[in-house]
Amino acid sequence: MSAATLISPEEYLATKYEWEPEYVHGELVERPMPTYVHSAIGYRIEGKFETAGLAHGHDVRCKLEPGVFRLPDVAAWTKRPTTTPVEEVPLVVVEILSPDDRYADLLDKLREYQNWGVPHIWVVDPMHKLLQVFRGRSLTEADALSIPEHNLSLTAAEIFPEPQG
Amino acid sequence: MATATLLSVEEYLATHYEREPEYVRGELRERPMPNPDHGFTQVELGHLVRIRAPHLYVGSEIRHRVEPEVLRLPDIAIYVTRPKVRLPTEPPLAAIEILSPDEKFSELREKFAEYERWGVRYIWLVDPESRTFSIYRGGSLLAADQLEVPEHNLTITIADLFPEER
């Protein structure tokens, strides 16, 4: 968006950041700092991935194409990735929304995951307690996020538990 | 979101703003300043609807009372009959939002959910930057190649709204 000075992928990869930005064609894309709710939801989803026997991680730097690096909030692979940054296409990526996320930026990112070949692209909205699946350029609301061949299913009740009274 | 001082509906309606915000239960919701893409798309889409379905009425940024405490200004609204009151409470046939780069996803979906509860039959999102259409229905944003109101023989395709060469 902004006419910032472009940096090279090498420069991006060599820099230590306090809170790792993403990198898209020469520009750094800031990510919102996660809140407690954001990170608690991420851990819950990772727990389910663990149970399903998947290799998983949060904020893992992935190389989608030579000029595009993204850090999905949560991602899982059928086999443990061996490259750094990760070039193996995940089975599933999950974006957990923050109030400040812009729609246009979110769609850009989801389309990139799709072009990269990620079969399951999920969007979790903690503000409205909604689950959505991105497929075929549509963002469709779902009661549960599931990958049947891995016996994996996450319902809204599991992802957004009622606060403990 | 912010814990701003709450404002009454009356106060909101009596104030003149440089760029009219929306009003949601005591809070003002700023609308992003439209960029040229937004402006051209808004006029062009309204124009296409007027030509193709001349019996329908098209309004831009008309203030509506969506709920007693929620006032919104759809970028474009399409009506079967022209609203006679200053602050319409009846839902239009269609409500269309043109996406601005700064639009927050969370606020957009809140607005669309309100339109749906209100009874708006066609809720559309037009993104001039990626040249895409989405249809909002039951919490989902479904990609579409065209915007359609079959009962009024109205169809607008992506190519109609965004011709390659202009």
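Return the tail of the calculated pair distribution for the protein assembly as shown, meaning the percent of Cα-Cα pairs more than 36 Å apart.
Details: 14556 of 54615 pairs.
Percentage above 36 Å: 27.
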Beta bridge orientation in the protein assembly as shown: antiparallel %, DSSP, nearest 5:
85 percent
A student applying the Cα gyration tensor rule (rounded when a/c is under 1.5; otherwise prolate if a/b is larger than b/c, oblate if not) would label the range A:15-133 rounded
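Relative contact order for chain B using alpha-carbon pairs under 8 Å, separation at least 6, rounded to a whole percent?
Values: 259 pairs, mean separation 26.3, N = 166.
Relative contact order of chain B: 16 percent.
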Karplus 3J(HN,Hα) series, Hz, for the range B:36-47 with 6.51 cos²θ - 1.76 cosθ + 1.60 (x for Gly, Pro):
x, 3, 4, x, 5, 4, 4, 5, 4, 5, x, 4
Within chain A, which is the longest segment containing none of the chymotrypsin sites (Phe, Trp or Tyr not before Pro) that sit in a DSSP loop and have at most 15 other Cβ atoms within 10 Å?
A:20-165
Residues whose modelled amide H sits under 5 Å from the amide H of A:S138, counting only those 5 or more places away in sequence or on another chain, are B:A143
Tilt relative to chain B, helix B:105-118 - C-alpha long axis, 0 to 90 degrees, to 10:
90 degrees
Restricting the calculation to Cα positions, tell me the Rg (one decimal) and the Dmax (whole number) of chain B in Å.
15.7, 48
Chain A: angle of helix A:36-51 to the longest principal axis, Cα-based, in degrees nearest 10
70 degrees
For the range A:96-106, what does the Karplus curve 6.51 cos²θ - 1.76 cosθ + 1.60, with θ = phi - 60°, yield as ³J(HN,Hα) per residue in whole Hz, taken in order and with x for Gly and Pro?
9, 6, 10, x, 8, 4, 8, 4, 4, 5, 4
Over chain A, calculate the relative contact order: mean separation of alpha carbon pairs under 8 Å at least 6 apart, over the residue count, as a percent.
16 percent
Summed side-chain charge close to B:Y79 - residues other than B:Y79 whose Cβ falls under 13 Å, Lys, Arg +1, Asp, Glu -1:
+3
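Read-outs: derived from the displayed coordinates by stated rules, not from any lab. In this text the structure is predicted, and so the values were computed from the model without any measurement. Please note: Cβ atoms are built from the backbone with ideal geometry, for glycine as well, and neighbour counts cover all protein chains shown.
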